[in-house]
Amino acid sequence: MSTSVQSRADLVRHSAYEFALTTVLLFAVVSLIRWLAHPGSPLAIGDPDTLFAVAGVAVAALIAGLMYSPPGRGSGGHMHPGVTVFLWSSGLFPSRAVLPYVTAQLAGSAAGTALAGLVWGGAVRQVGHGAVHPAPGTGTVELFLIEGAALAAVFVTVALVMTRPALGALIPAVIGIGVGVVVAALGTVTGASINPARAFGPALLSGTYEHFWNYMIAPVVAPALVGLAHRALRTRGAAGPAPSPSPAQA
């Protein structure tokens, strides 16, 4: 999940990996929505709970697979500004790499969403380019707290795994499963974006900005707070052994 950025060439290459990985992620997510949620699709699932359960399994496998891929191992496979900020606030990622990574992730979000629109045409427009929506009646504060708390739980689990060197290779699986569980459990409540890169491209392409800032900010604030706590515990030696190497470092 983390990676070594030692030179400008490393940073450019790794940022390009982040762009490519996030492009693939959003293309796959929007395509999944096109096939599972479009009424005219032969694979459409009418029951929302079942739809999000299936989507959760698919997203879990997708995220883990991308993180384990060669580009994912090269850049750390963040694909999520919150992951980058978590590692930075934990003291495990250089400050100078944060903005290039986040910019690449958001650009990849827009590119992947646009590519899905080109490939699948009007069907993607009819599902709003996969834009995220909470359940009717979900308030702004409620949405912020639920999205933030869900992602914080994922990152607390990741931080615990990072303190155990023998489990370092499992971090992509832990993140994938964690996100998949959140998608399955909260999809019908908050839309389960939990990733600014997941929300950005679909909102931009569809022009749908209701709750946009909630979806962009909550999934960054929560990981930042967990990262700060993780750093403090590591500094005091209360978190056990040093963090395990990520797949990108192994």
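The values are calculated or read from the model by the stated rules, or taken from the named source; none is laboratory data. Given the structure is predicted, the values throughout are model-derived calculations rather than measurements. We place every Cβ from the backbone using ideal geometry, glycine too, and count neighbours over all the protein chains shown. Ligands, DNA and RNA are excluded from the accessible area calculation, which covers all protein heavy atoms including side chains. Shrake-Rupley method; radii C 1.70, N 1.55, O 1.52, S 1.80 Å.
In the list Gly130, Gly137, which residue meets the criterion of being of a type outside the set (A, V, I, L, M), buried (at least 18 other Cβ atoms within 10 Å of the Cβ) and either more than 17 Å from the chain's Cα centre (by Cα) or closer than 18 Å to Trp213 by Cα (or both)?
Only one candidate qualifies: Gly130.
Residue-by-condition table, conditions (1) more than 21 Å from Leu106 (Cβ to Cβ); (2) touching a Pro at 6+ places or on another chain (Cβ under 6 Å):
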| residue | (1), (2) |
| --- | --- |
| Ile171 | yes, no |
| Val174 | yes, no |
| Gly178 | yes, no |
| Val181 | yes, no |
| Thr188 | yes, yes |
| Ala192 | no, no |
| Ala197 | no, no |
| Thr208 | no, no |
| Asn214 | no, no |
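Tell me which residues, restricted to the stretch 195-220, are of a type outside the set (A, V, I, L, M, F, W, C) and either closer than 18 Å to Gly148 by Cβ or assigned to a loop (DSSP other than H, G, I, E, B) (or both).
Listed by number, the residues that qualify are Asn195, Pro196, Arg198, Gly207, Thr208, Tyr209, Glu210, His211, Asn214, Tyr215, Pro219.
Does Ala55 satisfy being assigned to a loop (DSSP other than H, G, I, E, B), among the aliphatic types (A, V, I, L, M) and farther than 16 Å from Ala107 by Cβ?
Values: assigned to a loop (DSSP other than H, G, I, E, B): no; among the aliphatic types (A, V, I, L, M): yes; farther than 16 Å from Ala107 by Cβ: yes.
No.
So which of Glu147, Glu142 is touching a Phe, Trp or Tyr at 6+ places or on another chain (Cβ under 8 Å) and of a type outside the set (Ser, Thr, Tyr)?
Working: Glu142 fails: touching a Phe, Trp or Tyr at 6+ places or on another chain (Cβ under 8 Å).
Exactly one of Glu147, Glu142 is touching a Phe, Trp or Tyr at 6+ places or on another chain (Cβ under 8 Å) and of a type outside the set (Ser, Thr, Tyr), namely Glu147.
Just to be sure I understand, how many residues within the stretch 75-101 are surrounded by fewer than 24 Cβ atoms within 10 Å (Cβ to Cβ) and closer than 10 Å to Ser15 by Cα?
4
Does Thr103 qualify as being closer than 27 Å to Gly227 by Cβ and either in contact with a helix residue (DSSP H, G or I) (Cβ under 8 Å, 6 or more places away or on another chain) or part of a helix (DSSP H, G or I) (or both)? Step through it out loud before you land on a result.
Values: closer than 27 Å to Gly227 by Cβ: yes; either in contact with a helix residue (DSSP H, G or I) (Cβ under 8 Å, 6 or more places away or on another chain) or part of a helix (DSSP H, G or I) (or both): yes.
For Thr103, the condition - closer than 27 Å to Gly227 by Cβ and either in contact with a helix residue (DSSP H, G or I) (Cβ under 8 Å, 6 or more places away or on another chain) or part of a helix (DSSP H, G or I) (or both) - is met.
When residues of the stretch 79-100 are filtered for being on the phi > 0 side of the Ramachandran plot and among the small types (Gly, Ala, Ser), how many remain?
Of all residues in the stretch 79-100, those on the phi > 0 side of the Ramachandran plot come to 79, 91.
Filter once more, so that each one left must be among the small types (Gly, Ala, Ser): 91.
Result for the stretch 79-100: 1.
Can we say Arg8 is open to solvent by 30 Å² or more (accessible area, probe 1.4 Å) and in contact (Cβ under 8 Å) with a residue 24 or more places away in the chain?
Values: open to solvent by 30 Å² or more (accessible area, probe 1.4 Å): yes; in contact (Cβ under 8 Å) with a residue 24 or more places away in the chain: no.
Spelling it out, it is not the case that Arg8 is open to solvent by 30 Å² or more (accessible area, probe 1.4 Å) and in contact (Cβ under 8 Å) with a residue 24 or more places away in the chain.
Could you count how many residues in the stretch 170-185 are crowded, with 21+ Cβ neighbours inside 10 Å and hydrophobic (A, V, I, L, M, F, W, C)?
Matching residues across the stretch 170-185 total 6.
Out of (1) at pLDDT below 95; (2) surrounded by 23 or more Cβ atoms within 10 Å (Cβ to Cβ), the odd one out for Ala203 is which?
(1)
If the requirement is being hydroxyl-bearing (Ser, Thr, Tyr), closer than 22 Å to Gly40 by Cα and at pLDDT 95 or above, which of these qualifies: Thr103, Thr113? First the steps, then the outcome.
Working: Thr103 fails: closer than 22 Å to Gly40 by Cα.
Exactly one of Thr103, Thr113 is hydroxyl-bearing (Ser, Thr, Tyr), closer than 22 Å to Gly40 by Cα and at pLDDT 95 or above, namely Thr113.
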